[in-house]
Each structure stands twice: as C-alpha cells, then as structure tokens.
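*Asks:* Starting off with a structure, shown below.
The values are calculated or read from the model by the stated rules, or taken from the named source; none is laboratory data. Predicted model, so just to flag it, every value in this text is computed and none were measured. Quick reminder, even Gly has a Cβ in these numbers, built from the backbone with ideal geometry, and neighbours come from all protein chains shown. Ligands, DNA and RNA are stripped out before the accessible areas are found, and what is left, the full protein with its side chains, is counted by its heavy atoms. Shrake-Rupley method; radii C 1.70, N 1.55, O 1.52, S 1.80 Å.
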Amino acid sequence: MMLRLRSWQRWAFVVVAVLAVAALILSTLHRQGTVHAAGGNSSHDVGDESHELERSIEFFSEQRAAPADVAPSAAWPAAMSYVKGVAVTSPSTPWTEVGPKNYFTDDPNYVDPAHSNSGAGAGYVSGRITALAATKNGQTVFAGGADGGVWKSTDAGQHWAPVFDTQDTTSIGALAIDETSASGSAYTVYAGTGEANTSGDSYAGIGILKSSDGGASWSRVGGNELNGALIYRIAVDPVDHTRLYAATSHGLFRWTAGASGWARVLGTSTTNLIANFVTDVVVRPGTGGASGDVIAVIGWRGGAATNGLYESTNGGDSFTAIANPQGYVSPGSQGRVTLAYAGDGSKLYAVVQSADLFNKAVTKTILDGIYVSNTGSPQGPFTKVAESSKLASSGSAMKVGTIGKGYQPGVQAWYNQFLAVDPADPNHVYAGLEEVYETTNGGASWTTIGPYWNFGFPCFTYNPFPGTCQPTTHSDQHAVYIANGTVWVGNDGGVWSRSLANHQEGNWTNLNRTLGTLQFYYADGGQAASGPLTLYGGLQDNGTAKVILSQGFATQPFGGDGGDVVVDPANPNNVMTEYVGLTIAKSTDGGHTWTDIIPADPNPRFIAPFVADSTNLSHLVAGGQYVWESTNGFNTVCNSTTCDWKIVFNQGAGHTTTALATAGSTTYAAWCGPCNPSFSSGTGFKSGIATNYGGTWHQLTPPLATRYPTGVTIDPANPAHAYVTYSGYSRHWIIGPLDPGVGHVFETSDGGATWNDISGDLVDAPANAVAIVGTHLAVGTDVGVYVAGLHGGTWQRLGMGLPNVVVNDLRVVPGGILLAATHGRGLWTIPTSAVA
C-alpha cells in the first residue's frame, strides 16, 4: 500500500531538500493543522501500514465470502461455466479498453502539497504484478497481474500484450518457465492462478495452467486439486522437467508425468487450514528427480504449530520438519518465508517475517530478518545478514522519521516479499520488501536500489522539480526474475528492470507504458460542452487517475490509495475523491489543487461510499457509521471552524455503510456490521438497508439479511423505485447457521417496504454495481457485465471483448457511454445503445 504524502511529511522533506520554499512550507503546515482540526478521523493519519492492509481485506475479500469465513472453492468454476453458456447481447458491439495506459504519476502539473505524490519517482505505473518469468535469453518475459492475468513481452518488457483474458480467472500468483532451447524458441510457461499475498483483494484460483505456444492457448495441469488455492511458487525440477512442485495455501503439491492429478505431499491438515500454508518451495541446484533435495516452508503469517522449514531428499515422497535449524528463527516465531538458492546450490537465503511481531497490536516492522545458510543446507547454520534497522540504514527512504514513525523496512513483510540470487554469483542477492535491496557481499552490506519514493533525499527539490533523483520503482515488492544479465522486479505499480552490473541506487528502466493491470475500485466521468470526456477513478495503491480520452495518457493528481469518486458530468474540473476511510477531498480545478472535506466518522469502510444526488449535484451524501449530508456540493467546506457535513442518520454502533444512492429528498443506505463473518458460531455478520423514504429515517427488512450489499441505484423519476445488489454466493454453496439466501439483484417499487428478487437466471456470483441504462439494467459482477429489462428475469452478457475480470463499478457518463471499472484490467467502455 503506497501512502499518500501527508502535508506534514512533505513539509519535512522540503526543509531538507530546499530552504528556498519556506513560504510554501508554512502554508502547507497551516493547511494540515486546519484540516485535521476539522473533525477528520484521526485514524486517517499515518499509522501502522500492515494493519491498514488488513482493513482492506474486510473491504474486498470478506464481502465476497460473507456470511462464511471463506468463499466456497467450487462456486467460482460453476460461475465460469455459466458465463460460457449465457447469451451475449449485441455480440457485434465490442467493449473498448480505455486503460489507462501511459499512466504517469510524476506530472509536475499536479503537485498539490498535501495530496499529490508527484515527484515520488516511479513515473509510469500499472497495477500489482505478482509474478515474473523470462526465457534464458531475456527477450521473452511474462508478467502476472494480481487480477490482471498474464502479459507477454518479446522485447524484454518494452511492450506488452495480454495473453490470458479469456481464461477462467485473471488472478495470478506464480509463473514458471521450462525451457528446452537456449534460444528461447521452445519453452513451456506455467501460470499458477490465485494470488498468494493474502491481501484484501487476493482472489483464489483454479489451479495451474500451461502453454507451449507462447501463451496463445492454455490447458490445465492436473485436475481440480488446486481449486480455491493461492499459489506462491511453481518449481520445475531441474533434472526431471516433468516433475512440478506447487507451494500453495492448501499445502505443497507435486505433479509428475502420467499422473492423473496433483498429489499433496506436505500440509495435510483437514481441520486447521492455516497449518497448510506453504509459502515457498525450491529444489536445490545440482539435485533433482526422484532423489532431489526439495526444501519447503510452511509460513502462515500469524504463526501456526506447523510453521517451519521442511526437507525432502527423495523428490518429495516424504518431508521431515527441521525442528531447530541452527541460527534460524524458532518455528513458533516464524511467519511467511521466501527462499532462494545460489545457482550452484552453495548458499540458501531466506526472507523471514515474524509471526510474533505480526500479532502485536502496533509495530513498526514485522520483519524478523534475512538469513543465509552458507552450507546450502536447511539445517544451517544460518546467519542473519539483515534486519529492519540495517536495511533502514542502507539508503532506505523508510529510515525512522522519513516516512512516519509507524513505517520501517518490513512493516508489511507478510504482504511484500521477494528474493533472488544472481545465478553467476552466490553473494549477489536481491531482496524485496516495501523497497528493493541489493547486496554484492552475501549480506555484509546492503544498498536500497529501489527506495519507497524519492521524497526526503537531498536530490529531491521543488525548484527545479523534482530535482536530480534517479527514477525509482513503485513500493511494495512481490516478484523478481533474473535472466541474461537483467533483473526484473514486479510490485504494486508494475514492472521495472535494470542490469545486474549496476549496483547504484535507481537507474531503473520503467516497463509500464503498455501494461494494463490497474485495479480500480470506482470510476466516474464528465464532459464540458466544448471539451473532451474526462474520467477519474480510484485505484488500489495508485491514487486517483485522471484520464482525458483525447490525450492518450493519464495522470495521477491524487496519491496513495484511491477510492470512490464523484465528477460533475458537465464540468470535469469539479471532482471529489478519497483516500482510505472516507478521507474525502475536493478539487474545482481538475485535480491541480485539493481541499480535504472529511466527515468525522468513527467507523467508515476501507473504501467508503459517497455520492452526488442524481437530480441535484449540490446534494451530497457520504456513509460510515453515520449517513452524512451536505447541500453545498463542490462548495462543501469542512475545517476547524465550520463543516457542511451534517449527520442525518446513525446506522448503529458497529454498523458501517457499504453503498449509497440519493435522489431528491430520498436516500437509501446499505450497511453491514459486524462486517467480518463468524460462520462457525452462526453469529457475527449482519447487513441491512436504511432509508428516509416517506420523510423519516428507518431500517428496512431487506430480502437478504446475511450477505454484503454492494450497490444501490434509485430511479431518478421515482424515488420509491430502487435496486440493490448483493455480493457473495447463495445457499446452494453456503450451508450453515447463517442462511445467505438466494439472488443478487433486488427491486423495490414502494420505497423498500417490499422487495422482489429479479435475479432470474443471473449468474450466482458476487454482484457489485447496478446502473439504469434507459429501459434496461446493467449489473457488474465478478464475472462480467449483464443486462436485462428493468424488472430483471432473463439476463444476457453485455458485448464482446471484456476480459474475465472483476467489474467493481458501472457508471453512465456523458456521450452515451457505459463505463466499467475493473479490478485488474483498468477501465472499459461500451455505448449505452448496446444495452438497449
């Protein structure tokens, strides 16, 4: 998760960087004091990033599982089977990919002192990359997106094309290449589906697929044994290439030629699932086949009785737990671990996250350290060659006080990890946490070659902007690959590369200009009478994007995580967006400058909803525990002396708003609370809908009481007529004390007194948004966009060409366009005429 640069932080950085801008510093500091005295929730300030990420889990993953603890693994394949058989409306009308590609985060025209991250140094970005693999010649490279599928480059990453859009999932956790030709002309690429970072939007997978024609076609490896698993690593046996190992959240699996399916060889608990989290597997170089030395690690981030290192010396037939490896962390204290061998097998390195620190309420780091066994044996002896303080002193931007007191290297070590050893040099190692680190002497010393950002370094200045700093990578590292003298890294912002011979900070080649893996939460758009259509959208870890369609590129006027957005349809200079937790900001100059207007809500969602009245743009409604209202639109003010946000309803202690719609004097506010399922006890998750239809606020009895309401839409011509969508899966899949009910789209014509399930034959999969398009409804789901008449019943899939990706939001924008915000494949549009 990339932080939004708080104004107090930028103030501190500018003091260090250039004293000539003292007037800007003082005005910025004053603005910060004003904003936070206005009643803005103090929890929005800089704090523990690791636990901030945990909040995102509640927003994305748990809403799809509720009321169960996890979504049923068989439900997704069933939904995809439905997708393949459903009729397509207007099949000749294609979806158009907006991107944005060429998404530039360092635009000097968007340098708001409290809200922009321009100058951070990452340049062009895309969405989270979780896996990388390349042929030996380094020319053909594959990148796996968290929810963006597999992308292929044939020029070392300069240009990319998607090769996985039509597969049954676009969630990728691991990639591997088995190459039989030194030229790179003959190889098999394996894609492990199911992102394995256990983050809020880590979607489970459908197993491992392979392609022997460069990604043109894919087929499943094995059977259904890996359905619902998150895949950390695919290891191809270096001696017997038909023997594969898969480190997954369901255990360690092995597949051999001729086998009917995957065999689980480690992590076989059926009662304690976290006991099966195998976070890595490696085959020691120089061994392999039936007598191969296979090292695996069970590493649930919060600790488990089974956590620790395991070794097999018979090609995976059996594993032995290494009780107390000499010099290594105790198994009870070990969390997630990533392993890497030297090319000759002489050294074994490990990045180790601390389960003890993770379980503390507040901590600045959860990294135990980086270890090396100089014998190459998992028995040890191990030597700790890095810990948080050592990495902080290696040129890190995360040195205490630079980013914030709650942030030191490894603060998210359960989420960001990679490790790779130069095949030609056992002492040359790359490690990824929030930043990228390199050692050329086996860990005796380290250099931060990919700092979190460039703020705080003497090279950063405002005049000239952004100074002389070298370009850096985006933060939050997940993937690394080395081939033919080049190292590639993947993180929450895309892909970067550089030469193995370069050991200085920076000097990265940005490879994101044609990579389209951005993860949107919401999007909206506007168009002035004589201007171009302009879109804004809030993104996971990549701020709020501004896309002017006629320009062919996008910019980031608002940093950090982006959330919900509201755009004036007739004047896109007027825009509102949010950082996490309902930290709303407004701009009336197209995002060049921003003003915080934060309602002081005690319990907002990670991404909290706020909307403009469909009949009156001056009427705004926002939701957390309270429903908030402003009648001043883009003139809304909320500071230390006055705040236009007024509480109009209390959802109740422990409740928080999940979706909103307002038209005229009528508002519907859906909620959950508690929002975290407790399926085993039959208590915990609850949801409902409140409205003021009829003149007074009251809670409705919704058609479903135990699933997560995701979207509400009001008929602007009749406020008694409204729709609500629900996430999760039906009782066909979830059976237990909390009945999830059936149906995903419901309609009321009497202000919520009664509801009709109009889902009909709609796919049984999470529904996320509903839009009225003329005389039809459009519903965005985790498996595409579907349309029906205003009363539902029979649904068709809308258009052609939309990847099999989560559609989080749908909006009708000026120009007769339906805009879809996807979580992993950017923004897509289709004419509204295709809906009718």
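*Asks:* Assigned to a strand (DSSP E or B), open to solvent by less than 20 Å² (accessible area, probe 1.4 Å) and hydroxyl-bearing (Ser, Thr, Tyr): does that describe Ser497?
*Replies:* yes
*Asks:* Right, another one. Which residues, counting only those in the stretch 544-587, are among the small types (Gly, Ala, Ser), closer than 18 Å to Gly516 by Cα and not in a loop (DSSP other than H, G, I, E, B)?
*Replies:* Passing the criteria: Ala545, Ala554.
*Asks:* Okay, moving on. Could you list, in sequence order, all residues of the stretch 277-302 that are of a type outside the set (A, V, I, L, M, F, W, C) and at pLDDT 95 or above?
*Replies:* Matches in the stretch 277-302: Thr279, Asp280, Arg284, Pro285, Gly286, Thr287, Gly288, Gly289, Ser291, Gly292, Asp293, Gly299.
Let's see how each residue does on (1) touching a strand residue (DSSP E or B) at 6+ places or on another chain (Cβ under 6 Å); (2) crowded, with 24+ Cβ neighbours inside 10 Å; (3) not β-branched (Val, Ile, Thr):
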residue: Phe685; (1), (2), (3): no, yes, yes
residue: Gly694; (1), (2), (3): no, no, yes
residue: Pro709; (1), (2), (3): yes, yes, yes
residue: Val712; (1), (2), (3): yes, yes, no
residue: Ala717; (1), (2), (3): no, no, yes
residue: Gly728; (1), (2), (3): no, yes, yes
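*Asks:* Mind checking which pairs have a first residue in the stretch 684-699 that is of a type in the set (S, T, N, Q) and at pLDDT below 95 and a second that is outside any strand (DSSP E or B) and surrounded by fewer than 19 Cβ atoms within 10 Å (Cβ to Cβ), Cβ under 8 Å, 6 or more apart or different chains?
*Replies:* Going by the 8 Å Cβ cut-off, the qualifying pairs are Ser687/Ala705.
*Asks:* Which residue, of Ser377, Ser394, is more than 25 Å from Phe358 (Cα to Cα), open to solvent by 10 Å² or more (accessible area, probe 1.4 Å) and in contact (Cβ under 8 Å) with a residue 12 or more places away in the chain?
*Replies:* Unique residue meeting the criteria: Ser377.
*Asks:* I'm checking my understanding of the structure. Among residues of the stretch 507-530 that are without any contact (Cβ under 8 Å) to a residue 60 or more places away in the chain and either closer than 21 Å to Asn454 by Cβ or within 16 Å of the chain's Cα centre (by Cα) (or both), which one is least open to solvent (accessible area, probe 1.4 Å)?
*Replies:* Ranking the qualifying residues of the stretch 507-530, first place goes to Trp508.
Okay, residues lined up against (1) within 16 Å of Tyr82 (Cα to Cα); (2) at pLDDT below 95; (3) buried (at least 24 other Cβ atoms within 10 Å of the Cβ):
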| position | (1), (2), (3) |
| --- | --- |
| Asp764 | yes, no, no |
| Asn768 | no, no, yes |
| Ile772 | no, no, no |
| Val779 | yes, no, yes |
| His791 | no, no, no |
| Arg797 | yes, no, no |
| Val806 | yes, no, yes |
| Asp809 | no, no, yes |
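*Asks:* Taking the stretch 408-420, which residues are assigned to a loop (DSSP other than H, G, I, E, B) and either of a type in the set (A, V, I, L, M, F, W, C) or open to solvent by 10 Å² or more (accessible area, probe 1.4 Å) (or both)?
*Replies:* Residues satisfying the conditions are Gln408, Val411, Ala413, Trp414.
*Asks:* Looking at the stretch 656-667 only, could you name the residues that are open to solvent by less than 40 Å² (accessible area, probe 1.4 Å) and either modelled with pLDDT under 95 or of a type in the set (Ser, Thr, Tyr) (or both)?
*Replies:* If the condition is that a residue be open to solvent by less than 40 Å² (accessible area, probe 1.4 Å) and either modelled with pLDDT under 95 or of a type in the set (Ser, Thr, Tyr) (or both), then Thr656, Thr657, Thr658, Thr662, Thr666, Thr667 are the ones that fit.
*Asks:* OK, next. So which pairs qualify, if the first residue must be in the stretch 344-357 and within 19 Å of Asp280 (Cβ to Cβ), the second must be aromatic (Phe, Trp, Tyr) and open to solvent by less than 30 Å² (accessible area, probe 1.4 Å), the Cβ gap must be under 6 Å, and the two must be at least 6 apart or on different chains?
*Replies:* The qualifying pairs are Leu348/Tyr341; Ala350/Tyr371; Gln353/Trp414.
*Asks:* Here's another thing I want to ask about it. Considering only residues that are more than 17 Å from Ala71 (Cα to Cα) and touching a residue at least 24 places away in the same chain (Cβ under 8 Å), which ones fall in the stretch 191-217?
*Replies:* Ala191, Gly192, Ile208, Leu209, Ser211, Ser212, Gly214, Gly215, Ala216
*Asks:* Of the residues in the stretch 600-642, how many are modelled with pLDDT of 95 or more and closer than 26 Å to Ala570 by Cα?
*Replies:* 25
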